[in-house]
1. Give me the percent of Cα-Cα pairs in chain B that sit more than 38 Å apart, rounded to a whole number.
2. Taking residue B:209 in one copy and the same position in all the others, each labelled 7 Å out along Cα→Cβ, what are the pairwise distances from the first, in nm, shortest first?
3. Report the charge-dipole magnitude of region C:135-287 in Debye, nearest 20, computed about the Cα centre from +1 at each Lys and Arg Cβ and -1 at each Asp and Glu Cβ.
4. Can you give the charge dipole size of chain A about its Cα centre, rounded to the nearest 20 debye, using +1 on the beta carbon of Lys and Arg and -1 on the beta carbon of Asp and Glu?
5. What's the angle, to the nearest 10 degrees (0 to 90), between helix B:134-148's Cα axis and the longest principal axis of chain B?
6. Taking the label point 7 Å from Cα in the Cβ direction, how far apart in nm is residue B:109 from each other copy of itself, listed shortest first?
7. Sorting C:141, A:154 on the 10 Å Cβ count, fewest up front, what's the list?
8. Compare A:260, A:192, A:148 in a GNM of chain A, Cα atoms joined below 10 Å, and give the one with the largest fluctuation.
Amino acid sequence: MYGRDILSVKQFNRGDLEYIFGVAHEMSEMVRRVGTFDLLKGKILANLFYEPSTRTSASFTAAMERLGGSVIPINEVRYSSVSKGESLPDTVRTLEAYADVIVLRHPEVGSAALAAQYASKPIINAGDGVGEHPTQALLDLFTVLEEMKRLDGLTVTMLGDLKFGRTVHSLSRLLTLFNVKLNYVAPPSQRMPEEIVAEIAETGVPQKETPNLEEVLAETDVLYVTRIQKERFANPDDYDAIKGAYVITPETMKQAKEEMIVMHPLPRVGEIAIEVDTDPRAAYFRQVEYGLYVRMALLAMVLGKA
Amino acid sequence: MYGRDILSVKQFNRGDLEYIFGVAHEMSEMVRRVGTFDLLKGKILANLFYEPSTRTSASFTAAMERLGGSVIPINEVRYSSVSKGESLPDTVRTLEAYADVIVLRHPEVGSAALAAQYASKPIINAGDGVGEHPTQALLDLFTVLEEMKRLDGLTVTMLGDLKFGRTVHSLSRLLTLFNVKLNYVAPPSQRMPEEIVAEIAETGVPQKETPNLEEVLAETDVLYVTRIQKERFANPDDYDAIKGAYVITPETMKQAKEEMIVMHPLPRVGEIAIEVDTDPRAAYFRQVEYGLYVRMALLAMVLGKA
Amino acid sequence: MYGRDILSVKQFNRGDLEYIFGVAHEMSEMVRRVGTFDLLKGKILANLFYEPSTRTSASFTAAMERLGGSVIPINEVRYSSVSKGESLPDTVRTLEAYADVIVLRHPEVGSAALAAQYASKPIINAGDGVGEHPTQALLDLFTVLEEMKRLDGLTVTMLGDLKFGRTVHSLSRLLTLFNVKLNYVAPPSQRMPEEIVAEIAETGVPQKETPNLEEVLAETDVLYVTRIQKERFANPDDYDAIKGAYVITPETMKQAKEEMIVMHPLPRVGEIAIEVDTDPRAAYFRQVEYGLYVRMALLAMVLGKA
């Protein structure tokens with residue numbers, strides 16, 4: 001992986017994932033044992049965020065710092081030379097004079113690939129609009145692996161806004177590399193897009209769609225919850241009518257397996273009741289921590305230090 | 001103090017303060033001797049500011065960096081996931097997956113206590129609205145100690161807006177742990193709140209209120225100046241009528257003791273004439289430096305390294 | 001240079017420049033060999049930007065981090081205590097309690113000198129409005145030296161908006177310390193200001209003005225391109241009429257020497273066609289990297305470590 005860009009989940013095969021997750025697991029053990037270590041001492045990350053994302057930005061910053069490296073934070077791009085009209089390729093070629101690796105968050109699809117085309121240093125895509133957010137998908141999958149101790153043989157249920165949810169699209173694609181079953185639970189207006197269903201169908205992974213969580217909850221090993229955004233509904237009444245059906249409560253958890261996990265990409269705004277937080281199956285805050293380890297692994301790998 | 005939160009001045013007794021100030025004094029000697037040292041190497045501070053405060057944010061950043069630790073700066077919360085409605089408990093539980101300690105500045109009273117309730121890592125309150133700003137009160141008190149070489153037996157005069165001034169409330173409360181006399185000099189509309197006067201009265205500390213600084217200046221060992229904000233006055237003429245009476249000038253200093261200090265939490269906007277800056281009794285810029293040492297001490301203590 | 005401020009190009013003589021460039025060259029060799037090293041370990045830079053400048057801010061941050069030092073980033077001054085009206089001298093005296101050196105970007109002419117007057121720690125001017133941006137001028141000159149292997153005997157052509165272009169003013173002044181010839185190519189409304197032409201004339205450096213690049217291109221060793229800003233034109237048609245004449249294309253490059261360089265302070269917005277980027281004479285991205293080395297040199301020098 002030395003010198004490579006991380007642009008899309010599509011670039012990884014099963015072997016790649018196993019390697020990444022192996023390194024990420026080692027990172028978790030090192031962090032638990034010593035907190036921080038100097039694997040990337042002297043390396044500099046340019047954290048280039050064209051749109052704010054506290055969570056992702058902080059995660060990459062922490063990943064670099066826990067590896068002993070430094071960060072150039074660039075969070076206010078809208079106010080600066082970019083607002084004078086500078087092109088992304090020029091900005092990236094400037095920053096690579098300073099940094100060893102660039103993490104890029106940008107609102108436009110394809111921006112990370114464009115940046116990578118011009119940069120000679122590795123680019124890590126931290127979200128390019130409705131395009132990809134590959135490190136989120138990788139951390140989601142790593143969470144499943146660490147929590148369930150396997151990826152094959154699992155039933156994964158995606159819940160909520162499956163139409164616009166970039167994370168569920170990427171995760172679903174990645175899961176097809178394993179022997180899983182996928183359930184999609186969404187309101188009629190926010191179903192998983194047909195082209196993704198078709199793409200996954202070709203891989204032979206079984207898929208099931210239903211508007212009712214109850215129909216699939218009992219068989220679910222991994223329940224991946226996403227937010228249903230009120231602003232997606234043309235008619236607010238439609239939102240009010242269905243929102244309750246997609247909220248996870250302690251009642252929901254009673255009907256779930258003893259051995260399963262609830263995930264969420266966060267931030268949540270009501271779609272998982274806070275009473276669920278103390279349930280040991282609630283994995284969403286641990287998921288944040290797994291994200292740190294995956295990003296540490298990716299940084300170390302593209303810088304040739306894994 | 002290992003693992004504890006720093007939420008309020010009320011949590012400290014006299015012994016705690018003496019311990020903190022002892023560590024802070026050692027920090028000052030280390031900084032003067034070597035500038036920076038690796039006591040917190042490998043530790044990460046999440047500097048979570050929901051409202052801007054260059055001064056406090058920079059102080060904590062410097063404190064962490066002078067101890068060899070790293071910082072995750074989070075200054076733009078309003079633009080990020082929080083603006084999607086994420087709750088403070090969720091944000092804090094996310095950040096503690098990355099960091100070893102969280103410094104929180106938030107506009108709402110009680111926010112630091114709420115954060116601490118959910119976080120397993122230490123929370124340091126860097127100001128929660130009109131609530132508390134305990135590290136400011138501690139650095140104020142440490143300044144008095146370092147400059148006057150004692151806390152007992154001093155006459156401390158608070159000047160300016162004593163009604164809304166969070167710092168004078170906290171400092172007055174802390175001073176009651178020592179054998180002091182307190183004077184309050186404020187315009188009638190901005191007197192020290194009755195409940196604080198009553199609370200302090202119970203401790204037996206003598207208090208005196210007057211609108212005239214001259215009445216108490218000659219006996220003052222510590223003159224703590226705060227800003228009178230024009231926008232607090234219903235009638236701007238009222239402001240213009242009194243503002244001059246609360247400005248410290250070289251003339252004022254002539255009537256003050258030879259051995260006394262003038263403090264100010266900064267920023268100042270005219271309430272101390274710049275001609276006073278070169279007076280050796282002007283302690284307000286040294287006060288900034290004492291703040292660095294107090295914050296270094298607190299970070300080291302809650303991380304178990306003091 | 002230990003403890004000195006970097007405020008203006010006027011403070012340097014030829015010997016100073018040779019010394020700075022010697023150190024900058026060593027920095028380039030160290031970065032190429034080891035990436036980062038601990039010359040300024042334990043030192044802290046306050047990066048104080050009153051107006052955004054991603055490029056300059058990131059360059060100083062990288063320079064400090066490649067020297068093993070730490071940075072306090074202060075990018076949001078407009079929202080913070082400064083917006084409460086704090087004076088620059090007070091802000092600077094606060095920050096020097098935390099940091100060992102202060103880099104200041106401020107929209108007002110003379111602000112860096114004002115800051116230096118009050119600060120006891122070194123101030124580096126990173127641009128004070130239409131005043132100076134000395135580190136830009138130094139990196140421009142260092143680029144010429146590193147690329148052309150000499151400064152004497154060169155013909156330097158400045159192109160574009162020479163009226164408002166702060167960088168061409170400072171660079172032209174610096175070049176008069178060497179045995180050069182200067183050409184100014186600008187539209188009539190944006191000619192090099194008379195007072196600068198007069199100032200340079202006194203040094204005996206030959207100068208030539210023309211609106212046509214073709215007239216001087218063949219003799220040019222260094223072509224310094226700047227942006228012509230549409231908003232400077234009273235009549236937009238005037239802009240449209242001339243803009244094409246000041247765009248560098250592969251056609252332009254055919255008429256240029258084999259051994260010459262094209263520079264640009266960046267960001268560019270169309271005044272150099274992207275097809276030129278792959279021409280080995282296109283030095284503008286290398287120029288960014290030279291900026292890193294010059295800033296590393298200056299930081300090391302004012303902190304007494306060069």
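No value in this document is a laboratory result; all are computed from the given coordinates. Please read these numbers as outputs of a predicted model, since none were measured by experiment. FYI the Cβ positions are ideal-geometry reconstructions off the backbone, even for glycines, and counts take in every protein chain you see.
1. Percent of Cα pairs beyond 38 Å in chain B: 14.
2. Inter-copy label distances (nm, one decimal, shortest first): 7.1, 7.1.
3. In debye, rounded to 20, region C:135-287 gives about 280.
4. Dipole size: approximately 820 debye.
5. 50
6. For residue B:109, the inter-copy label distances come out at 5.0, 5.0 nm.
7. Result, fewest neighbours first: A:154, C:141.
8. Among A:260, A:192, A:148, the largest GNM mean-square fluctuation belongs to A:148.
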